[in-house]
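Below: the structure, in structure tokens.
Derivation of every value follows stated rules applied to the coordinates shown; laboratory data play no part. Every value quoted in this text rests on a predicted model; they were computed, and no experiment measured them. Cβ coordinates were reconstructed from backbone atoms using ideal geometry, including for glycine residues, and neighbour counts include every protein chain displayed.
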Amino acid sequence: MTATAEPLPTERMRWSTGGAIVSGNVLQPLNSSMIALAVVSLTANFGPSDLMPWVLSAMYIATAVAAPVSGRLGALLGARRIYLAGLWLILAGSFIGLAAPDLVWVVLSRVVVGLGTAAQYPNAVALIRRYARRHNVRTRGVLSLLAIGGQVTVAFGPTVGGLLVGLLGWRAVMWVNVPVVIACAAMVWTCVDRDDPVTATRRELLPALDLPGVGLFLAWVVSLMVFLLSVVEHPRWWLLAIFAVALALFVVRERHARSPFLNVSTLLRNRALSGTLARTVLTWTAFYAVYFGFPQWLQSARGLTPAEAGMMMFPLAAVGVFCVLLATRTCRVAGPRRSLLWGTSALAVGGGIIAVAAASGIPELILLVAVVAGIPNGFNNIGNQTVVDLATPDDDIGTAMGLYRTTQYIGANFAAVALEIVSGPTMTDAGFGRLGWLIAGLGALLLVSTLAARSLSPTRLLPAR
């Protein structure tokens, strides 16, 4: 008897389901982009404080360390359950912030919100994968919507945040979560398939969670990120020792654990996944260097107001959205390597344009920087996300996508350090020019590594779903 091949998917995911899954993912960029506009209002309310940098950083750190853990919990307890639990955590964190009597409680609220937003992205991808398996449909367009939602929110978040803070004060950035969370939870509850019942007992679940491995993972990620945050003013070198010891113990633990939180041996053998995660750190470092450095340069060196600088970020985001759509088609037709080659080439060229624009003083080049800087983010984001998706089996997709999110915030912290090194506290033309050459160098390095990576060959990746 001859086995028949499973028919290829011909239909797409229902837009109601896809929209519900994507909806919660706007909360992370919304909260991270709006809080910067509330710093002045927070200072006026509570006074100057050494805790103020943590108002901005606490959420990044919480999301970075919790994203892979949330993906693991989704695999064990159900991606829909953890997705919804994350939404309620965001709501709880928002109410803590609304009632905050001082900055300590504001920072705590940001940590809770970060833990909640960590659950959205990895479990959204797991839900998309599960839906495709259950209904035999194509889902690549929904993956691109995840990236587009982030791009659009990043573009409009500062504008909306500035308007709300100006009208209602800093608590407005907490209030805005309430209707958004309720709407997202209602859509997920009604439009997304329920999880299978959890059949494992508590005694079986605890070993599967690998709490020692999770603890060591938290230790080395947090120590690394806090060290990077301290480099700008007072480097805490002792954190590097904690990082090295925790990382070594984590690797040993995970290689010998019966049910590891992160199977290090498998990860290292999966060259497509491990290589992409390593390159993604550099990719996000370059992106955040532009995202943080460009508006600083516009204000400090070119004399634009904050509102004018914010408007100059719109072309960057708009081009990024268009490139996400183009990259999605490129990945489907020619594979993710082609998308990454376009993205890394644009990164190298864009860095050179930044350097020339900083030195020339030609106004037209400023707009060109804003346009070109959006190209690599769209192509690289979709390209890397597609590789992680194709190279990861179903049971590990949540953890892998969580690690992808972790690399994003490690890259953001590296970018903050790079900005301080090349420009100092004030972004001048010379400093922005040096930043451009650094970005060009990172783009060239990524281009060479992408060309050389055999693991990105179409024959070594699973067929697109």
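Couple of notes before you dig in:
- The chain, relative contact order [Cα under 8 Å, separation at least 6], %: 22 percent
- Dipole in debye (nearest 20) - the stretch 228-371, about Cα centre, beta carbon charges: Lys, Arg +1; Asp, Glu -1: 880 debye
- Bins of 10 Å, starting at 0 and running to the largest distance - Cα pair percent for the stretch 239-349: 11, 27, 26, 23, 12, 2
- Label separation (Leu451 vs Val371): 2.7 nm, computed from points 7 Å beyond Cα along the C-beta direction.
- Within the chain, helices built from complete DSSP H runs that reach 27 Å or longer along their own axis (Cα positions) and carry a mean Kyte-Doolittle hydropathy of -1.0 or higher are 52-77, 79-98, 140-168, 211-230, 238-256, 271-300, 306-334, 336-360, 397-423, 429-452.
- Computed on the stretch 211-256, with alpha-carbon pairs under 8 angstrom and 6+ residues apart, the relative contact order is 49 percent.
- The packing ranking of peptides 58-70, 229-241, highest mean first, is 58-70, 229-241, where packing means the average number of other beta carbon atoms within 10 angstrom of each residue.
- If R0 is taken as 51 Å, the Cβ-Cβ distance between Val251 and Ser360 corresponds to a FRET efficiency of 0.60.
- Beyond 20 Å, the tail of the calculated P(r) for the stretch 1-137 holds 53 percent of the Cα pairs.
- Whole-Å distance, taken between Cα centres, linking the stretch 379-444 and the stretch 43-109: 22 Å
- Three semi-axes describe the equivalent ellipsoid of the stretch 262-465; taken as square roots of 5 times the Cα gyration tensor eigenvalues and ordered largest first, they are 32, 17, 14 Å.
- Under 5 Å, built H, 5+ apart or other chain: amide partners of Arg12: Arg138
- Calculated on C-alpha atoms, the gyration radius of the chain divided by its Kirkwood radius gives an Rg/Rh of 0.95.
- Per residue of the chain, the DSSP helices (runs of n ≥ 4 H) give a summed -39500 (n - 2.57) that works out to -26500 deg cm²/dmol at 222 nm.
- Computed magnitude of the charge dipole of the chain (debye, nearest 20; Cβ of K, R +1, Cβ of D, E -1): 1320 debye
- Here the scattering of the stretch 211-256 is modelled by Debye summation over its C-alpha atoms, one equal scatterer each and no solvent; at q = 0.19, 0.23, 0.30, 0.32 Å⁻¹ the log10 of I(q)/I(0) is -0.54, -0.70, -0.97, -1.05.
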